[in-house]
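The structure appears right after this line, and notes come after that.
The values are calculated or read from the model by the stated rules, or taken from the named source; none is laboratory data. All of these numbers come straight from a predicted model, not from anything done at the bench. Counting neighbours? That spans all protein chains shown, and the Cβs are built from the backbone with ideal geometry, glycine included. When the accessible area is computed, the model is the full protein with side chains, heavy atoms only, and any ligands, DNA or RNA have been set aside. Shrake-Rupley method; radii C 1.70, N 1.55, O 1.52, S 1.80 Å.
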Amino acid sequence: MACRGKITGICTSVDTGTSKRNVHQANVIKNYGVEGDAHAGFHTDKQVSLLSYEKIQAFIGNEATVKEGAFGENLVVQGLDWSLFPIGTQFRSGDVILEITHRGTDCDSCEMCLPRTECLIKKDGLFCKVIMGGIITEGDYLHVEN
């Protein structure tokens, strides 16, 4: 089982319910989320959203215009199979520690879901709370902490 993955995108948006854009580096704040992201501070246990690079690439076979952040994800991570990690699993990247709190979401009306029959963040996204904050940069690795 792979216990680490590479961060291939770090995405934020000014408004909730919209696609995010890749900012390549971000400050992740304890008990808050990604600085500069509209979703940060909005939920106490869904502070950071993660999506698999591999899931996005598989989807691109159907929709060639998909870019990082298209599904509202904060972090795109390559090389980790999210299905192997239960709620409560912690991941570390440098000083940042994230803990899985939810799988998927019940969103039905955001910009990412409406035009599509399948929204990856809804089905395959992970949501985490920030246990410890710090700076993350595209290309950093995220590994299982516990």
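Observations
- First in region 45-57 and touching a residue at least 24 places away in the same chain (Cβ under 8 Å), second anywhere and open to solvent by 60 Å² or more (accessible area, probe 1.4 Å) and not in a strand (DSSP E or B), Cβ under 7 Å, 6 or more apart: Gln47/Tyr32
- If you go through region 106-146 and pick out every residue that is at pLDDT below 60 and not aliphatic (A, V, I, L, M), you end up with 9.
- Members of region 80-100 found to be at pLDDT below 95 and open to solvent by less than 50 Å² (accessible area, probe 1.4 Å), listed by number: Leu80, Trp82, Phe85
- Selection status of Val96, under 15 Å from Tyr141 (Cα atoms) and in contact with a Leu (Cβ under 9 Å, 6 or more places away or on another chain): yes
- Pick from region 9-23, criterion surrounded by 18 or more Cβ atoms within 10 Å (Cβ to Cβ) and polar (S, T, N, Q), ranking: nearest to Glu138 (Cα to Cα): Thr12
One line per residue, one yes/no per condition, for (1) at pLDDT below 95; (2) closer than 19 Å to Arg103 by Cα; (3) surrounded by fewer than 17 Cβ atoms within 10 Å (Cβ to Cβ):
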| residue | (1), (2), (3) |
| --- | --- |
| Gln25 | no, no, yes |
| Glu35 | no, no, yes |
| Lys46 | yes, yes, no |
| Ser52 | yes, yes, no |
| Phe59 | yes, yes, no |
| Ala64 | yes, no, yes |
| Gly69 | yes, yes, no |
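- Looking across region 24-44, the residues that are closer than 16 Å to Gly139 by Cα and either among the hydrophobic types (A, V, I, L, M, F, W, C) or assigned to a strand (DSSP E or B) (or both) come down to Gln25, Ala26, Asn27, Val28.
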